[in-house]
Amino acid sequence: MSTATAPPVAARPAAAHARRGRRRSGLARRRAVIAWAFMLPLIGVNALVVLGPSLFAVYYSFTDWNGIGGAQWVGLANYAELFGDADFRNALWHNVLWTIFFLVVPMVMGLFGAYALTRIRRFRLVFRVAYFLPYIVASVVTAAIWENLLSPDVGVGRILQVNFLGSQTLALPTVAFVNNWAWWGFLVVVFLAAMQGVSPNLYEAAALDGAGPFRQFWSITLPSIQPTFMFLGLMTIIWSFLSFDYVYILTQGGPAGATDVLSTLLYREAFASLRAGYASAVGIVMALISGLVVAAYLVIRKRKDWAV
Amino acid sequence: MTTSPTWARAAGRAPARHPVTGRVSSLTYVLLCALLLFALGPLVLFVFSALKTQSELATSPLSFPSTLRWSNFATAWEQANMGAGLLNSVIIVAGTVAGVCVISGCAAYAMARLDLPGSGTFITYLLVTSSLPTQMFLVPLFYLWTTLHLYDSLFGLVVIYWGLFSPFATLLLRSFMMTIPREFEEAARMDGAGELQVLFKVVLPNALPGFLTIALVTALSAYNEFLFAVTFIQDSFLLPVSTTFFTFQQGFTQDYTLIGAAGVIMMLPMLLLFLALQRRFIEGVSASGLGGV
Amino acid sequence: MIISRRNFLILSGAAALTPVLASCGSGSGGGLQYWGAFQDQQQQDYFKKERVDAFRGSAQVRMTVKPNDTIDQLTQTALAAGTGPDLVLTPGPAQVAAYAGAGYLLPLEQYSQKYGWDSALASWALEASRVDGKLVCLPAGYETMMLIYNPATLEQHGWKVPTNRTEFEAICTEAKAKGLMPVAAGNADWRAASEWWVTFALNHYAGPDAVYSALQGQTPWTDPVFADAINLLSGYYQRGWWGGAVDSYFTNTFPNLYAALASGDAVFMITGSWATSEILPYFGAPAGNDATWDWAPLFPLRDGVPAEVWDLGIGQTLSINAKSANPDAAAEYLNFLETDPKRQAQGIAEASLQPAPVHLSEADFPASVDERLVRLYTKLSNAATIGYTTWTFWPQQTDTDLYTNFDKVITGQLSTQDYLAGLDGVFRNELAARKVPPAPTPTGLAR
C-alpha cells in the first residue's frame, strides 16, 4: 500500500498540522496526492453510477425526450410547465407533509424510547433489539404485513370499519405510519448510543439539584446529543423528499392522487405517460430541494462547530 | 487487540451509574412495553398468518393459528422460487458488502487520517449525491450499463449498489475513524511499527466495529432493494429474493397465507444475521458519528 | 437454513467468481429471444410447451419470463439502450407508435405479403397496427369488454341479465338496498382499471360513432354527450354501485371482487375478456364451492346506441426488433404464433390465452373447450359494431390522464367539465404530434 512510502509525513501528523500554512511544501502536496489516490475507487464508482447518469438527466430535463428514441431541445419549457402543474404542486405538498410527519413522529418516538431505555436497569437489550427488528424487514415485506392488517376485508380495517388506504384523508397518514413502523426503531438505537455518551456526572449533578427526569432530558440530554439530532433531522428531510417504496407498493399514489409524492409522479410521467424529459425536470427539482437542505445544514454546522 | 478502546468502555459504563427512581421506572416500563407491542405485534401476526389456512385467515385474522400449517412454507418456497432467489441474493449481498467495505474503507481512511485536502467539499458532494432521486437516472444508467455489458449480470447490479451505498457508508466510517485516538498510531510508531503495520495492526482493528456497521447496513440495503434489481436483471435465474417475492406478491397469488410464508422466508436470513451480530452492530453504531461525537 | 461461519466464507468465495462468469455467459447466443409475461403459472407452462418448445422453425426460441407489472418498462429501457429481445411485446398500439417513431421496429410489409397476414388477421386490428401507413406489429392478443355475472345470484333475487340502462339501474338500486355490491369494481391492484369503466361509459352512452369522431379530432372531448357519459358513470360511483363505495373502490382487489361475485355478495362485473381466465380459481371445484359464472354483451346506456357494441382492444402486439440479428426467423415465428385459427382456439381452450384476431368458428375449437369461450370468440369474430377501448386507441398521455384524473372526478376534486377540458387539451397536442393510433370505423369490419 502506498502509505508505506510516506512514513515521515504520517509519523508526525500533529507536528505537520501545527506547521501547516507556513510551510506548504512538496511534502504536503505528496500527502494530498496519496490521500486522493485512496479516494479513487469511490470517485470512480460514483461517477459511473451517480454523477454521469445525473448529468444525462440534467440534459434530458431540457428536452422533450419520451424515454425512447431521440430528444429535442425545448429549453425551460418543462420547468415552466412544472410550476403550472396542479399534480406537481399536489405531490410537492404531500412531500412537505411527509417531511413534517417524519420530523415529528419517529423523532419523538425515537427520543422517548432511547431516553426511557437509559433510565431502566433491566431488559434494555431486549427492548432495543425488538424496536430495531422492523427496520431490517424489507419494504416489500413490510407493505405485505400492513396490507394484510389494514385490509377492510380482513384484519383491523374490518374490525374498526375504516378503509385506511381507500380514504382520501387517511391514505397519506396511513402510508407514512407504515413507513414509520419500519423506521423509528433505528432512531431509538442511534439516539440511545448518543445518550450513552453523555457523562453521568451531569445527571448526578442535576439530580442533586432536584431536577426530575423531564428537566434532565431538556437541559442535559437534548443539548448533549444535538449534533446527532440535527444530522438525523437532515437525513430525514432528504429521505422524505425521496420517499418512494412504500407509496409505490401500497397505493401507487392513489386514491385519486391522495398519496402522490414527487417520486411517484416522476415515475408515472416517465413510464406511463412516456415523458422522460418532463420527469427529469421533476427529478432535478427534487435534487435542488435536497441541495438547499444540505447547504443550510452545512452553514449551521460551521457556525456551531460540529464534527458530524 | 486485548484492550477495548476508550469509547467502548465509556459507552458500556455510563448507564450503570445512571440515577433511577422506582416510580419513574414502572410508568416507563409500561410505555416501553407498549412500544414493544407496536414493533413486534404486526410481525407476530404476520408469522401467524403464514401458518393458517386461507379460510382461517379470513375468519379470524388476529388469532393464534388453530393448527400450524407448516406446509405453507414448502408451497411458498416452491411457488415463489425462493431457493434460487436466496442464492442470488447471497451472491449480490456478499459482493456488495465486500466492495463497499474496500471503497468506503479507502475513502474514509483518506478523509479521516490522511488530511485529504478539500474533504469538506467532498462530504457535501456525497451528501448531495445520496439525496438524488434514483428513478431519475434509471434510463441513462440502463443505457450506460448495456454499452458496458454490465446489464443482466449480478456483477453489474453489484457495481450499481457500490455506487448507491458507498457514500453513506463512507460518511459513517469516516466519523467512526475520527473517534479513534491518533495516540494509538503514535504509540505504535514509537514502538517502531511501519506504516503498513500501523494500518493493519492499529487502524483496521480499531475500525473493525465500524466496518461491521457499514457491512450490516449495506447488506440490509442490498438484500432489500428491488427497483434496480427488477430493472437490471433480465434473466429469471439471476433474480434476487426481493424481486421474486415482489413478483409473487404482486402476481396472481390470492393466497395471503402463502404471501406470509414467503415473506417470513425472505425475512429470516437478515433476522438471523442481525440477531447474531446485533451487539457488535449497535456497538459500532454507537461509536460512529451518528451516535454522538 | 443454517449458515455456519465456515459455509458463509465459502459462499462469499464463490460470490467473487460468479459475477464474472455471469457477465460472460449472458451475451445474445443463437436463437430468438422472446420476453413473455403471463397471468398465471398455467398460462406460462402452456405457452412454454405449445408456443415456444413446439416451434420447429429455422431458429430456436428462448423465452424469458418477466413480471406482468414491469415487462413494458423493461422492454422500453432495453430498446432505448439498443438491445432487447428479437420479438418485441407491447401492451398496445400507443406504445407501438412510440417505438416505431424511434425506429426500433422492423417494418413488416414484405413478411405480411409472404405469409398472407392481410387475409389471416382481422382488418380492424391490422389497421390499428400501422404507423404512418406501414405495418410495424401484429396484434397478438385482443380483448373485449363484457358483463360477467353469477346466474345463481340473479335467479335468487328474480333478476334478468340487463339489456338496457333502465333494467340495469333497477337491479342496481334493488341490490344496493339489499346490501349487495351491484358492480364488482376496484382499482387497488391496477390503478388504470378506472379506464375500463370510462371505456364502458363512452362507448355505450356516447356511442362508437361519437367516440370515433372525437378520435379523428372532429368532435372535441368537451362535447355534452361525453360530459353526460362521465356524469352518468360518476353518479353510479356516488350511489355506491361501483365497488360498494368510493373508498372501497380504491382498495378492492381483484381476488376479493371475484370471490364476492362467487359468493353472491356482488351482482355484476363489467370487465375485459381477460377475466375469463382470472376468474377460474374462484368458481367451482378449485374454490371448493358450487358457484358458476356466465357472461353477456354489454348493454347500451342510451337510446340510439346499438344494442350490441363490442369494445375491442388490442392487449398485446408483437413486433420484430430492428436490431434483431435474425429477422427472417423472427417473422417465421410471428407467423407460427399468430395465424393458425386452430392454434389460437387451442390456446383459448387449454390456457385461456387471449387469441390473435383470427376468424374463429366452432369447428376450430377442441372438444374439451369451455362453451362460454366458444360463444364469446365466435360472436366476436362476427361483431357488427365495435367500440374503442381507451388503452388501445387513445394516445399515451391522454390515456394516463384519463384514468388518473377520473379518480379525481369520483372523489369530487375535479368537475366533469374541467376533466374533459384537460383531456381535450392533452389530446389536441398528441393529435398534432401524430401520436393518436389509427382507429377503424365503428362498422367497417369487412374482412
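Each reported figure results from applying straightforward, stated rules to the coordinates on display, with no laboratory input. Just so you know, these numbers come straight off a predicted model, no measurement behind them. Glycine gets a Cβ as well: all are built from the backbone with ideal geometry, and neighbour counts include every protein chain shown.
As a calculated quantity, the FRET efficiency between C:VAL225 and B:HIS149 at R0 = 41 Å, using C-beta atoms, amounts to about 0.15. Structural descriptor for chain C: relative contact order 25 percent, calculated from alpha carbon pairs under 8 angstrom and at least 6 residues apart.
Normalising the average separation of contacting C-alpha pairs (under 8 angstrom, six or more residues apart) by the number of residues puts the relative contact order of region B:83-207 at 37 percent.
Peptides C:432-440, B:25-33 ranked from most to least packed give C:432-440, B:25-33, packing being the mean of other C-beta atoms within 10 angstrom over each peptide's residues. Within 10 Å of the Cβ of each residue in C:134-144, the mean number of Cβ atoms contributed by other protein chains is 0. Against the main long axis of the alpha-carbon atoms of chain C, helix C:254-263 sits at an angle near 50°. Mean residue ellipticity at 222 nm, helices only, chain C: -13500 deg cm²/dmol; runs of at least 4 DSSP H residues each add -39,500 (n - 2.57), and the sum is divided by the number of residues.
Per residue of peptide C:399-408, the mean number of Cβ atoms on other chains within 10 Å of the residue Cβ is 4. This ranking places A:LEU48, C:LEU202, A:LEU40 by how few other beta-carbon atoms lie within 10 Å of each, fewest first, which gives A:LEU40, A:LEU48, C:LEU202.
Between rounded, prolate and oblate, where does the protein assembly as shown land on the alpha carbon gyration tensor, with a ≥ b ≥ c its root eigenvalues, rounded for a/c under 1.5, else prolate if a/b exceeds b/c? Note, shape of the protein assembly as shown comes out prolate. Available extension along the chain between C:GLU167 and C:ALA192 is 6.2 nm, counting 0.36 nm per residue and deducting the alpha carbon span. Among C:VAL211, C:VAL131, the ranking by other beta carbons within 10 Å of each residue's beta carbon, starting with the fewest, stands as C:VAL131, C:VAL211.
Quick one: go through region B:202-228 and flag any residue whose amide nitrogen is under 15 Å from the point 7 Å out along the Cα-to-Cβ line of B:ARG279. Hits in region B:202-228 for B:ARG279 at 15 Å: B:209. Within region B:262-278, what residues put their amide N at less than 15 Å from the label point 7 Å along the Cα-to-Cβ vector of C:GLN41? Hits in region B:262-278 for C:GLN41 at 15 Å: B:262. For A:TRP218 and C:SER263, the FRET efficiency from 1/(1 + (r/R0)^6), where r spans their Cβ atoms and R0 equals 45 Å, is about 0.20. Spacing of the modelled spin labels on B:GLN250 and B:ALA187, each 7 Å from Cα toward Cβ, amounts to 5.5 nm. Helix C:416-432 and the longest principal axis of the C-alpha atoms of chain C enclose an angle of approximately 40°.
Here the spin labels are modelled as points 7 Å beyond Cα on the Cα-Cβ line, and at A:ALA86 and C:HIS157 they lie 3.5 nm apart.
The simple Förster model, with R0 at 22 Å and r as the Cβ-Cβ distance, assigns C:ALA384 and C:ASP340 a FRET efficiency of 0.30. In loop segments of region C:136-177 as defined by DSSP, the trypsin sites (Lys or Arg not before Pro) with at most 10 further C-beta atoms inside 10 Å of their C-beta are C:LYS160. Taking a point 7 Å out from the Cα of B:VAL102 in the direction of its Cβ, the residues of region A:30-44 whose backbone N falls within less than 12 Å of it are A:41-42. The GluC sites (Glu not before Pro) of region B:186-282 include none that meets both conditions, a loop assignment by DSSP and at most 12 other Cβ atoms within 10 Å of the site Cβ. Our summary gives chain A a relative contact order of 26 percent, counting only alpha carbon pairs under 8 angstrom and 6 or more residues apart. Were the residues from C:ASP303 through C:ALA285 laid out at 0.36 nm apart, the gain over their Cα-Cα distance would be 2.4 nm.
Mind checking the angle between helix C:341-351 and chain C's longest principal axis? C-alpha axes, 0 to 90 degrees, to the nearest 10. Helix C:341-351 sits at roughly 80 degrees to that axis.
Helical content of chain A, expressed as a calculated mean residue ellipticity at 222 nm, amounts to -21000 deg cm²/dmol (DSSP H runs of 4 or more residues, -39,500 (n - 2.57) each, divided by residue number, nearest 500).
Peptide A:195-208 has a mean of 4 when you count, residue by residue, the C-beta atoms of other protein chains within 10 Å of its C-beta. Summarising the label geometry, the points placed 7 Å from Cα in the beta-carbon direction at A:SER199 and C:THR441 lie 9.3 nm from one another.
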